[in-house]
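A.B. asks: The structure is given below, and queries will be raised subsequently.
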Amino acid sequence: MAIWLQLDQKYNWKEIAVEAKKHQLEIGEWQRYDLANKKHNAIRIGFASYNEEEIMLLVERLKNTLMSLKNKKRF
């Protein structure tokens, strides 16, 4: 199973990858999803080797990462 996640243009994967580490989440190789330099601001997240509990944990960490960035940009 995999999902494609596209960000609002005010965010970028570089800043999310840095923030994600604070939430015990690794977002690696985000650059590889825009080789044509189309600025689509999306990545593919794969869950093939994870069970349901692990997927829920990863989604929660991603949610916390995005909420943290959203709160920082509010001010």
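The values are calculated or read from the model by the stated rules, or taken from the named source; none is laboratory data. Since the structure is predicted, the reported quantities are computational estimates derived from the model, not experimental observations. Methodologically, a virtual Cβ is constructed for each residue, glycine included, from the backbone with ideal geometry; neighbour enumeration extends over all protein chains shown. Heads up: the accessible areas ignore ligands, DNA and RNA and are worked out on the full protein's heavy atoms, side chains in. Shrake-Rupley method; radii C 1.70, N 1.55, O 1.52, S 1.80 Å.
A.B. asks: Are there GluC sites (Glu not before Pro) in the chain that DSSP marks as loop and that have at most 11 other Cβ atoms within 10 Å, and which are they?
C.D. replies: Answer in residue order: GLU26, GLU29.
A.B. asks: While we're looking at this one, here's another question. For the chain, what is the accessible area per residue in Å² when the probe is 1.4 Å?
C.D. replies: In whole numbers, the chain has 77 Å² accessible per residue.
A.B. asks: While we're here: Diagonalise the Cα gyration tensor of the chain and give the resulting equivalent ellipsoid semi-axes, square root of 5 times each eigenvalue, largest first, whole Å.
C.D. replies: Three semi-axes, in Å: 20, 18, 10.
A.B. asks: Right, another one. Which trypsin sites (Lys or Arg not before Pro) from the chain combine a DSSP loop assignment with at most 16 other Cβ atoms within 10 Å?
C.D. replies: Counting only loop positions with at most 16 other Cβ atoms within 10 Å, the trypsin sites (Lys or Arg not before Pro) in the chain are LYS10, LYS38, LYS39.
A.B. asks: Hey, another quick one. Using the Cα centre of the range 4-51 as the reference point, and only Cβ charges (+1 on K/R, -1 on D/E), how large is the resulting charge dipole? Debye, rounded to the nearest 20.
C.D. replies: Dipole size: approximately 100 debye.
A.B. asks: Something else now. Taking 8 Å as the Cα distance limit and 6 or more residues as the minimum spacing, I'd like the relative contact order of the range 1-69 as a percentage.
C.D. replies: Across the range 1-69, relative contact order equals 47 percent.
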